[in-house]
Amino acid sequence: MAEHEAIALLSGGLDSALAAALTARLGFGVTGLNVSTGFCTGQGRCDTVLAAGQRLGIPVRLEDASEEYLDIVRRPKHGYGSAMNPCLDCRVFLLRKAAALMDAEGAEFVVTGEVLGQRPMSQHRRALDLVARESELGERLVRPLSGRLLGPTYPERQGWITRNDWLDIQGRSRKRQLELAARWGIEEFTQPSGGCCILLEKSYAQRLQDAFRHRGPDSLDREAFALLRYGRHFRLSDNVVAVIGRDEQDNAVLSTLSSGRWTMTFPDTPGPTALVDGEPSAKELQLTARLAARYADVPVGTEVTLLAQRDGEERELRVTPLSPEEPLIERLRIDG
Ligand code: SF4
């Protein structure tokens with residue numbers, strides 16, 4: 001057991017793995033922590049982090065904070081970035097989780113893979129200082145990859161290491177990280193960059209902004225946030241949104257979100273699954289069917305049957321597809 005222990009936030013990306021690796025190479029005991037916010041992209045992210053821990057020879061804790069994190073997305077104190085990404089609040093949230101584990105484990109500092117100047121919103125100097133302050137970690141928050149360029153850290157103050165043990169990487173280039181990864185043999189299991197999340201995606205941001213505007217942030221529960229991830233979204237009225245699957249995966253997910261909502265399928269022809277969020281009128285159900293038919297394998301002008309179902313109730317709808325050139329489609333589309 002090492003004399004001094006650290007908690008390393010592991011995102012599944014290369015930088016956080018390198019920061020943990022450097023800390024371990026300096027003789028500290030390191031425990032990795034991956035916090036799931038529920039908005040992470042990429043399948044098998046947890047597997048990636050666990051594999052990273054194994055290769056680095058460090059234990060890894062996985063924490064699911066997805067329910068708690070919704071409040072960060074609803075009302076970020078520091079606002080959003082280019083999409084609906086609340087990066088500063090997100091960093092503070094994750095660092096508080098790491099700080100809690102640090103206290104529980106008797107560790108003495110927290111390590112992240114942040115690199116000065118790498119991300120415009122969350123990794124410029126003022127942002128790095130702000131999250132250190134708001135997470136209440138202060139000098140116990142260490143960014144080994146840029147440590148030489150930043151203020152003194154707790155391990156230096158204690159005389160366990162010197163400034164020069166940290167690195168002086170800054171900016172957006174990933175050259176030095178890739179060189180280090182190759183030198184330390186840790187490039188195989190990492191994704192090229194961590195921190196990618198669905199909140200950065202423009203189309204998700206458009207749907208979320210629309211939902212906040214029409215329903216208010218507090219009325220969106222976990223399932224409502226999840227539904228915004230799948231399909232094409234069309235706002236039919238203040239309270240009604242039609243969602244049309246884009247592919248097999250969307251169709252499968254929409255079927256699992258059908259409780260309390262109308263879903264539509266094509267019994268006789270290949271076509272997307274459609275789902276109606278809200279309480280639609282008969283006219284809105286009909287319009288959803290025509291929208292869904294526009295994306296089905298049906299020639300324009302041909303009548304087609306859809307089966308609409310909700311909690312045991314069933315209706316058969318006969319409609320003609322909207323023409324792809326119909327301007328209404330673009331007008332209703334939320335995520336165009
Ligand atoms: S991009 Fe990274 S820091 Fe920003 S909100 Fe997403 S996970 Fe958090």
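Per-structure values
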{"item": "Cα gyration tensor shape for segment 5-197, rounded if a/c is under 1.5, else prolate or oblate", "result": "rounded"}
{"item": "Percent accessible area from carbon and sulfur atoms, segment 201-332, protein chains only, probe 1.4 Å", "result": "45"}
{"item": "Relative contact order of the chain, pairs being alpha-carbon contacts under 8 Å that are 6 or more residues apart, as %", "result": "15"}
{"item": "Share of Cα-Cα pairs in segment 88-155 lying beyond 18 Å, as whole percent", "result": "28"}
{"item": "Global geometry of segment 208-327, whether rounded, prolate or oblate, following the gyration tensor of its Cα atoms and the 1.5 cut on a/c", "result": "prolate"}
{"item": "Sum of side-chain charges, Asp221 neighbourhood, beta-carbon under 13 Å (Lys, Arg +1; Asp, Glu -1)", "result": "-2"}
{"item": "Within the chain: Cβ-based charge dipole about Cα centre, in debye rounded to nearest 20 (Lys, Arg +1; Asp, Glu -1)", "result": "1180"}
{"item": "Residue with peak Gaussian network fluctuation, the chain [Cα springs, cutoff 10 Å], from Thr112, Thr320, Thr256", "result": "Thr256"}
{"item": "Mean ellipticity per residue at 222 nm, deg cm²/dmol - from DSSP H runs of n ≥ 4 across the chain, formula -39500 (n - 2.57)", "result": "-11000 deg cm²/dmol"}
{"item": "For the chain: accessible area per residue (Å², 1.4 Å)", "result": "46"}
{"item": "Protection-proxy order for peptides 66-77, 291-302, 25-36, 308-319, each taking the mean of Cβ atoms within 10 Å per residue, highest first", "result": "25-36, 291-302, 66-77, 308-319"}
{"item": "Sparse-neighbour loop sites [trypsin sites (Lys or Arg not before Pro); segment 259-290; at most 15 other C-beta within 10 Å; DSSP]", "result": "none"}
{"item": "Percent RCO, i.e. relative contact order, over segment 5-197, from Cα pairs under 8 Å lying at least 6 residues apart", "result": "29"}
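The values are calculated or read from the model by the stated rules, or taken from the named source; none is laboratory data. Keep in mind that what you see is a predicted model, and the values were worked out from it rather than measured. Don't worry about glycine lacking a Cβ; one is built from the backbone with ideal geometry, like all the others, and counts go over all protein chains shown. Accessible surface areas use protein heavy atoms only, side chains included; no ligands, DNA or RNA. Shrake-Rupley method; radii C 1.70, N 1.55, O 1.52, S 1.80 Å.
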